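The values are calculated or read from the model by the stated rules, or taken from the named source; none is laboratory data. Everything quoted here is computed from the prediction, not taken from an experiment. Counting neighbours? That spans all protein chains shown, and the Cβs are built from the backbone with ideal geometry, glycine included.
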Amino acid sequence: MGDRLVDLFGKRKLEDRLQELESSRSKLQGEKEELLRALEKRDEKIRKLSSAYQEANLALKASEQRAAPAQTSSQSQSGNPPGSEAQKPIGTKLTRREMQKILKRLESCRSPEDDLLSAFLPDSEGLPEEAAKVASAVNSARGWIILEAPWLFTLLFVPPFPVKEGVSGTGSVFQLEPLREMIETPVLVVSAHAGDTFLGVSFGKDSFEVQEFVESQVKEKHSKGGWSQKRFERLRDEDIKNHVDAVLVKLAALMSKYGSVVRFAVMGGDTSILKQVTPAVGLPIVERRLERHDERRIEKLLDEVYGFIRYRV
């Protein structure tokens, strides 16, 4: 009877041990499956990041190809052949549509290492070494935006409006909200040209809320006969003064209505006219090279106002 009890207790211990081992095995199996799932998710994130990079790279290459003729012309005019050490880095102007496409692709970028860099800097201080070289050659008055995925790509942007405060950080995604805010910034636009000035108010990249065209007769060149050069210049100065006066009247009305809403005045065109108009603006000025506008395609002016310039590092 005693032997049977000993055997019974020994069997019970073995059964308990076996159950314990089975429980441990089940737990380890669960941990293994969880680790496998984590590895699959990581691999999927890497695949998505690589795919997003390839799409962004294709979009950037397409914009470079469109800009290639202008870049070649600039190189030939400057006398610096491609690859010359004296040549400045050449940026690509991105239209509103192109920038939206790039933003969409950047939104899909993910990094399991939390190492995607987003930096918004008022100057070149704090830029990575290679990006700092580009920045020092370009000398942007509006600051810099840098988006970097280590080992994949580095994008350096001149923003449409000044970066007021330096902010940078890394994470699993790019911090793109400041870029979106920039392209939705309310602005006053002044494209000033002798006899033909455009004034507009835009609340964002999509359209002008208000458009004002100031047109007047301004003598373009001196006639060979009749007037003396001095008399011609005096009459032209009077024409320009009358044009500026008309611009100031329209500008005062716009500032009265929208001055508290718009954040910047984007101004470009004839320097002599701008000097006379600027004191009446009362807003932070963003200087831009604005060509004479086309009333039939005035929306194209928004590409100059809200466009970014992109450099590849």
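So here's what we get for this one:
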quantity: The range 155-170: number of residues that are closer than 20 Å to MET182 by Cβ and surrounded by fewer than 18 Cβ atoms within 10 Å (Cβ to Cβ); calculated: 7
quantity: Members of the range 287-303 found to be surrounded by 20 or more Cβ atoms within 10 Å (Cβ to Cβ) and under 17 Å from the mean Cα position of the chain (by Cα), listed by number; calculated: LEU301, LEU302
quantity: Number of positions in the range 147-156 that are in a strand (DSSP E or B) and either without any contact (Cβ under 8 Å) to a residue 24 or more places away in the chain or under 18 Å from ILE90 (Cβ atoms) (or both); calculated: 4
quantity: In the range 104-141, residue nearest to ARG312 (Cα to Cα) [restricted to those that are in a loop (DSSP other than H, G, I, E, B), touching a strand residue (DSSP E or B) at 6+ places or on another chain (Cβ under 6 Å) and modelled with pLDDT of 90 or more]; calculated: ASP115
quantity: Any hit, the range 24-36, residues being of a type in the set (A, V, I, L, M, F, W, C), at pLDDT below 80, under 30 Å from PRO150 (Cβ atoms) and touching a Phe, Trp or Tyr at 6+ places or on another chain (Cβ under 9 Å); calculated: no
quantity: Residues being among the aliphatic types (A, V, I, L, M) and in a loop (DSSP other than H, G, I, E, B) - total across the range 188-200; calculated: 1
quantity: Which numbered condition ARG180 fails, given (1) closer than 30 Å to ASN242 by Cβ; (2) among the charged types (D, E, K, R); (3) touching a helix residue (DSSP H, G or I) at 6+ places or on another chain (Cβ under 8 Å); calculated: (1)
quantity: Within the range 201-311, helices (runs of 4 or more DSSP H) holding 2 or more residues that are basic (Lys, Arg) and at pLDDT 90 or above; calculated: 229-258
quantity: Condition met for THR278 (loosely packed, with under 13 Cβ neighbours inside 10 Å and of a type in the set (S, T, N, Q)); calculated: no
